[in-house]
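Working notes for the structure below.
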Amino acid sequence: MSTIDDKHAQLGGNAGVLGAPVGAEFTTADGIGRARHYQRGSIYQLPGVGAHAVHGAIMVKWSALGLEAGPLGYPLTDETTTPDGVGRFNHFQHGSIYWTPATGAHEVHGAIRNRWQALGWEQGILGYPLTDETATPDGIGRYNHFTGQNGSIYWHPATGANEVYGMIKQRWAELDWERGRLGYPISGEMPTPHGFGRVSRFQGGEIYWDAGRGPYEVWPPPPPPVCSGPLEGSWQVAPIDSVVVGVHAVLLRTGKILFWNYLDPPGEHEPSAPQPHGESAVVNLANGNRQRPQQAPGNPNLFCAGQSLLADGRVLVAGGEREQAHVDALHTFTPGGGSGGSWQRVGTLATGRWYPTCVTLPDGRVLILGGKNWRAGQPAGNAHTYEVYDPDGGGLAPPKPAPVLAEAAGFDTYPFVFVLPNGTLLMHAGTRTRFLDLATMQHTPTALDAAARPGRNGRTYGMEGTSVLLPLLPDSTPAYRARVMLIGGGGAPPVDMRTEATRSCELLDLGTASPAWTLTAPMTQPRVMPDAVLLPDGTVFVANGSSSGYADNGANPVYPAERYDPATDTWLSACTMAVPRLYHATALLLPDGRVLTAGTDSQWNPDPFHHSELRMELYSPPYLFRGPRPAIDQAPPEAGWDAEIAVSVSGPAVTQACLIRCGSSTHSFNSDQRHVGLTIVSRTGGTVVLRTPPNGFVAPPGYYLLFVLSGAGVPSVAAMIRLG
């Protein structure tokens, strides 16, 4: 008897699974093996391997593939039951065929089979094959689909074989499989570094998944930029870090930067329970010194509070962390001293305020608007009111209604507010704008809606665009004509972290007879969570943010910065930044004319940005590459309104001057920054006489950066001056 006859006998002979022979034993076409066909299958023998039976659906599939002359070669096993008792398989020289009643028979071979084996065969997460190995539409790659988790294994000559399944595969399919921007997978699915989600890496990016957000793609950063300084400016990562994450950032009267944040518990984690304690740092960029201020008693967490600079240069902070006793607290920070400054509690608000906005009024008082009254063990209540704090001993006035917040359709935290030259306070929340008469503290009848646009959404938190009061110029018509700009924000509702942000912008020109929000030039990039900084040359610098998502759910940093020129209603490309800035990032104008960016925290940003970003980055605008700078040799430390001040200057001839109020930035809004142009009264030798703004409605009291500019638009290093 031959080896094939022995195998037939082992399988029960003519009464067995194969039945009786239907022909004689023969040599296979390659001249190497032997075979014999039976009623219900065949036995093939290869020297050194032995004889093995193939039958049923697996035999049909193998036959369709060319039998031993096909890609699988000779059988290495008889048909065998899988360990789960459901399926059947044969292994072959170069692959396998698996069968189940639900899937039929499918082959899997080569690198894809090796990866499937490494994942536990059919007992692993992918289950049984649903297809044969198939060429991808581009003709380069190969794939098998499987039953488990809607999974697949894809192979490409450059990437090898990698699995993709579940929600990550679903998102990859939505992005057009390997034909899309992501290309082929270059890794299997794996846990994220912090263990809260999963990630698969692709040629063109990554797809992450976590239980709260679902799947979302993350694109890689751009290559290091080659920028033209005179056209685009340049970036530099600061040689020191910020010590604490710059969720809140303020330019102090000392020229130093104050940062504060929650005290982050050790380790990386998802958004955790409210943190009771905070931390702060004062950073001196000029000499690299960093100080840790004296905290207020109990070291309260003032994260997500409102903030504003008082007339005397102290920082007022209203509210604090949710579900903490100090959510209704009022604190000040006094700069100076060996620790950089100190915190003091100065009052108690009538209601808790988490995510309020603060603005300094023309008389030095501070209006505190909105927020959430979120007490421990209670649902968050919306504070649709404002309170006014008098730092000169008057305390807090009782809260009054703020109708704009009730009309904001849920966008009632961190509203945009601006003191206007006409004696009113602009309040904007969601898509609604109202005005408060600051003489009577009564709301005017005027109510404006944002401009109509496809997919219109609110721009205040959590769609988180930003807003600026454009430069107030004495030679405009009327003088100090007020124009407010809304910039970017979340995309069309409903919004998730995959929704593209808007690049649209709006302008409200309050110098017209019938002011109305109108669409203006859009940004070059879609951007949610941007920061805008008023520059001394009159342009508006915009950086930070994500190209998709909202508030704490954006994972695609916008690296290119840009500048808006109000004179021409155009956006100008700026150099590409290196450090990603997402939720809880900040930006400030510095006295030397550069812009500081900081922040992006660990708790409230998704992978791969789920870490504390302590790097600071400094942007040098194009005006710093356009020739010599004028210098302020001497300027008065303080001045009143509507006064003439003599400033000693040197260097290029001075043709312009402006005041820019020290900024305080958090949650994509800076309620303190303000650019006010100055009239040049005379120029005599090295002295320029300037006229200060007429009143506190044009320039609220406080510390300002005084810049003088050359005819080329190059600013000096600023002198710090107290106004009012």
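The values are calculated or read from the model by the stated rules, or taken from the named source; none is laboratory data. The model shown is predicted, which means the values in this text are computed figures rather than measured ones. When we count neighbours, we look across all protein chains shown, and the Cβ atoms used for this are built from the backbone with ideal geometry, even at glycine.
Computed quantities for the displayed model
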{"quantity": "Search result, residues across region 363-378 that are within 28 Å of the chain's Cα centre (by Cα) and either surrounded by fewer than 22 Cβ atoms within 10 Å (Cβ to Cβ) or in a loop (DSSP other than H, G, I, E, B) (or both)", "calculated": "Gly370, Gly371, Asn373, Trp374"}
{"quantity": "Given (1) in a loop (DSSP other than H, G, I, E, B); (2) in contact with a Pro (Cβ under 6 Å, 6 or more places away or on another chain), index of the condition Thr568 fails", "calculated": "(2)"}
{"quantity": "Qualifying residue in region 141-157 (condition: surrounded by fewer than 21 Cβ atoms within 10 Å (Cβ to Cβ), of a type in the set (A, V, I, L, M) and either farther than 25 Å from Gly188 by Cα or at pLDDT 95 or above (or both))", "calculated": "no"}
{"quantity": "Whichever residue in region 9-56 is surrounded by fewer than 18 Cβ atoms within 10 Å (Cβ to Cβ) and of a type in the set (D, E, K, R) and, among such residues, is farthest from Glu107 (Cα to Cα)", "calculated": "Glu25"}
{"quantity": "Test: residue in region 15-36 that is farther than 30 Å from Pro129 by Cα, in a helix (DSSP H, G or I) and at pLDDT 95 or above", "calculated": "yes"}
{"quantity": "Close pairs (9 angstrom Cβ cut-off, 6 or more residues apart or separate chains): surrounded by 15 or more Cβ atoms within 10 Å (Cβ to Cβ) in region 510-524, among the acidic types (Asp, Glu) anywhere", "calculated": "Pro515/Asp509; Trp517/Asp449; Trp517/Glu506; Thr520/Glu506; Thr520/Asp569; Ala521/Asp569; Met523/Glu562; Thr524/Glu562"}
{"quantity": "Answer residue from region 399-423, given it is of a type outside the set (A, V, I, L, M, F, W, C) and over 24 Å from the mean Cα position of the chain (by Cα) and is farthest from Met441 (Cα to Cα) among those", "calculated": "Glu407"}
{"quantity": "Some residue of region 286-308 being in contact with a Phe, Trp or Tyr (Cβ under 7 Å, 6 or more places away or on another chain) and of a type in the set (D, E, K, R)", "calculated": "no"}
{"quantity": "Of the criteria (1) surrounded by fewer than 24 Cβ atoms within 10 Å (Cβ to Cβ); (2) of a type in the set (Val, Ile, Thr); (3) touching a strand residue (DSSP E or B) at 6+ places or on another chain (Cβ under 7 Å), which one Thr466 fails", "calculated": "(1)"}
{"quantity": "Out of Ala311, Ala329, Ala305, sole residue that is touching a Gly at 6+ places or on another chain (Cβ under 6 Å), over 27 Å from Arg615 (Cβ atoms) and crowded, with 23+ Cβ neighbours inside 10 Å", "calculated": "Ala329"}
{"quantity": "Checking Ser342 against (1) among the polar types (S, T, N, Q); (2) buried (at least 21 other Cβ atoms within 10 Å of the Cβ); (3) touching a Ser or Thr at 6+ places or on another chain (Cβ under 6 Å), the condition it does not meet", "calculated": "(2)"}
{"quantity": "Selection count where residues are in contact with a helix residue (DSSP H, G or I) (Cβ under 6 Å, 6 or more places away or on another chain) and over 25 Å from Pro379 (Cβ atoms), scope region 310-357", "calculated": "0"}
{"quantity": "Residue in region 62-84 that is surrounded by the fewest Cβ atoms within 10 Å (Cβ to Cβ), counting only those that are among the acidic types (Asp, Glu) and out of contact with any helix residue (DSSP H, G or I) (no Cβ under 7 Å at 6 or more places or on another chain)", "calculated": "Asp78"}
{"quantity": "Residue in region 491-498 that is over 30 Å from Arg213 (Cβ atoms) and either in contact (Cβ under 8 Å) with a residue 60 or more places away in the chain or surrounded by 16 or more Cβ atoms within 10 Å (Cβ to Cβ) (or both) present", "calculated": "no"}
{"quantity": "Residue match in region 225-239 (condition: touching a Lys or Arg at 6+ places or on another chain (Cβ under 8 Å), at pLDDT 95 or above and in a loop (DSSP other than H, G, I, E, B))", "calculated": "no"}
{"quantity": "Pair list, Cβ under 9 Å, 6 or more apart: region 12-40 residue closer than 24 Å to Pro71 by Cβ, other residue polar (S, T, N, Q) and in a loop (DSSP other than H, G, I, E, B)", "calculated": "Arg34/Ser2; Arg34/Thr28; Ala35/Thr28; Arg36/Ser2"}
{"quantity": "Filter result for the condition that a residue is over 15 Å from Trp219 (Cα atoms) and modelled with pLDDT under 95, over Asp552, Asp565, Asp592", "calculated": "Asp552"}
{"quantity": "Any hit, region 356-364, residues being within 19 Å of Gly410 (Cβ to Cβ) and free of Cβ contacts under 8 Å to residues at least 60 places away in the same chain", "calculated": "yes"}
{"quantity": "Condition broken by Ala555, with the remaining ones in (1) part of a strand (DSSP E or B); (2) buried (at least 24 other Cβ atoms within 10 Å of the Cβ) satisfied", "calculated": "(1)"}
{"quantity": "Total residues in region 379-390, condition assigned to a loop (DSSP other than H, G, I, E, B), in contact (Cβ under 8 Å) with a residue 24 or more places away in the chain and not hydrophobic (A, V, I, L, M, F, W, C)", "calculated": "1"}
{"quantity": "Selection within region 74-84 - assigned to a strand (DSSP E or B) and touching a residue at least 24 places away in the same chain (Cβ under 8 Å)", "calculated": "Pro75"}
{"quantity": "When residues of region 648-679 are limited to those that are over 30 Å from Asn261 (Cβ atoms) and out of contact with any Pro (no Cβ under 8 Å at 6 or more places or on another chain), the one surrounded by the fewest Cβ atoms within 10 Å (Cβ to Cβ)", "calculated": "Ser648"}
{"quantity": "Positions within region 85-113 being outside any strand (DSSP E or B), buried (at least 16 other Cβ atoms within 10 Å of the Cβ) and in contact (Cβ under 8 Å) with a residue 24 or more places away in the chain, in sequence order", "calculated": "Gly87, Thr103, Ala111, Ile112"}
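Here is a yes/no grid of residues against (1) under 23 Å from Arg290 (Cβ atoms); (2) out of contact with any helix residue (DSSP H, G or I) (no Cβ under 8 Å at 6 or more places or on another chain):
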site	(1), (2)
Gly593	yes, no
Ala598	yes, yes
Gln603	yes, yes
Phe609	no, yes
Leu614	yes, yes
Glu617	yes, yes
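For (1) under 27 Å from Leu618 (Cβ atoms); (2) in contact with a Leu (Cβ under 9 Å, 6 or more places away or on another chain); (3) at pLDDT 95 or above, each residue gets a yes or a no:
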site	(1), (2), (3)
Thr254	yes, no, yes
Leu258	yes, yes, yes
Arg290	yes, no, yes
Ala325	no, no, no
Val346	no, yes, yes
Leu349	no, yes, yes
